[in-house]
1. Can you find a residue that is surrounded by 15 or more Cβ atoms within 10 Å (Cβ to Cβ), in contact with a Leu (Cβ under 9 Å, 6 or more places away or on another chain) and either closer than 25 Å to Gln49 by Cβ or at pLDDT 95 or above (or both) anywhere in segment 119-129?
2. Leu195 fails exactly one of the following numbered conditions: (1) at pLDDT below 95; (2) aliphatic (A, V, I, L, M); (3) not in a loop (DSSP other than H, G, I, E, B). What is the number of that condition?
3. Taking the residues in segment 206-233 that are part of a loop (DSSP other than H, G, I, E, B) and open to solvent by 50 Å² or more (accessible area, probe 1.4 Å) as candidates, determine which candidate is nearest to Glu172 (Cα to Cα).
4. List, please: which pairs have Cβ atoms under 6 Å, are six or more places apart or on different chains, and start with a residue in segment 215-230 that is free of Cβ contacts under 8 Å to residues at least 60 places away in the same chain and end with one that is among the hydroxyl-bearing types (Ser, Thr, Tyr)?
5. Are any residues in segment 79-89 more than 17 Å from Leu112 (Cα to Cα) and either open to solvent by 10 Å² or more (accessible area, probe 1.4 Å) or in a loop (DSSP other than H, G, I, E, B) (or both), and if so, which ones?
6. I'd like to verify a number: residues in segment 149-166 that are touching a residue at least 40 places away in the same chain (Cβ under 8 Å), surrounded by fewer than 18 Cβ atoms within 10 Å (Cβ to Cβ) and β-branched (Val, Ile, Thr), how many?
7. Enumerate the pairs (first residue in segment 167-182 and in a loop (DSSP other than H, G, I, E, B); second residue anywhere and hydrophobic (A, V, I, L, M, F, W, C)) with beta-carbon separation below 7 Å, excluding pairs fewer than 6 apart on the same chain, so at least 6 apart or on different chains.
8. Could you check segment 64-78 and list, in sequence order, the residues that are under 19 Å from Glu206 (Cβ atoms), in contact with a helix residue (DSSP H, G or I) (Cβ under 6 Å, 6 or more places away or on another chain) and not in a helix (DSSP H, G or I)?
Amino acid sequence: MKKIKAIKLCSTLLLMLAFIGCDIDLQERFVFEPEVDLTDPFGEMTAWQFFNSTQALKLNEDGTLNGDGLNYFRAAIEAAGMVDEYNTPNDGRTFIMLNNNAFEGNGDIIALVTGSADIEEGETPAEVMARADISVLRLILQYHIITTYITQNNPLLVRDVNYEFQTLIPGEAGKIVLRRDSQLRVDVNTSPAPLPSTATGGGNNERLRNYNYVFSNGIGHSSNDPVRNEPYPSPNN
C-alpha cells in the first residue's frame, strides 16, 4: 500500500513540474563577447603606416619625445631611403623597432651615425638624421630586419635555446640570434651564442621590450638599444 502511495505521489510531482515548466521561457543562446578586443589593431597597416601613426609617434606631456616612441626610427628610415622595406608586401618579416631610447645616449644610434650623442636644443628627429652617415644608418636598419616571421610565443623557439636567423645584411655579418626564456622574454645576441664576441659582449646584446605588433607585411618587436653582429663602421662626418 505504501508503495502505491509513493508511486502516486511521484506521478503527481512530475505532473506539477511539467505544468510549471511550461511557463518558463526558453533560455536564449549565450554568445560570449569579450571586453578586450582580441583582434590585431594594426593588422591592416604596413609597418611603415604604423610608424606614422599617433600610437608610434609618442610625446610626453611636456612635448619631449617619449622613450617608447618611434619618432627617431621613422626619421631614420626616411633619411636612409628605406621606406619600401617597411611598406611593401612580403612573405613575412620581423622588424626590430628601435625606439627613441635606442637613439639617444652614448653608444646608441645617433652617436653611431653622427660621431656624437649630442643633440642641439630644439633639433627635430628629421634634423638629427640629416646629419647622419647614411651608409652606417642603412647598415643599422638592415640588421634590425629579420627575414623570418617570429612571434614572441613561436612554438619553434624552445626556451633557453639559441636560434640563428638572417637579417637583410647578407652572409655571416647578417646573422642574428634570438633566445626565449621560460617567461617568454626574448633576448637578442645573448651569450653564449654562435656569433663573434663583438655581437654578444660589451652591451651589444639586448632583451626585446614590447612584442607582437602584427602588421600586414610582418611583425614588430621593440628594443631600447641597437644590437649588432660585427661593429658598425665609424661615420664619415
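1. yes
2. (3)
3. Glu230
4. Pairs found: Glu230/Thr198.
5. Once the filter is applied, which keeps residues that are more than 17 Å from Leu112 (Cα to Cα) and either open to solvent by 10 Å² or more (accessible area, probe 1.4 Å) or in a loop (DSSP other than H, G, I, E, B) (or both), segment 79-89 yields Gly81, Met82, Val83, Asp84, Glu85, Asn87, Thr88, Pro89.
6. Qualifying residue count for the region: 1.
7. Sorted first by the residue in segment 167-182, then by its partner, the pairs are Leu168/Ile145; Ile169/Leu139.
8. Hits for segment 64-78 are Gly67, Gly69, Leu70.
The values are calculated or read from the model by the stated rules, or taken from the named source; none is laboratory data. Fair warning: this is a prediction, and the values are worked out from it, not measured in the lab. Using ideal geometry, Cβ is built from the backbone for each residue, glycine included, and neighbour counts are taken over all protein chains shown. Ligands, DNA and RNA are stripped out before the accessible areas are found, and what is left, the full protein with its side chains, is counted by its heavy atoms. Shrake-Rupley method; radii C 1.70, N 1.55, O 1.52, S 1.80 Å.
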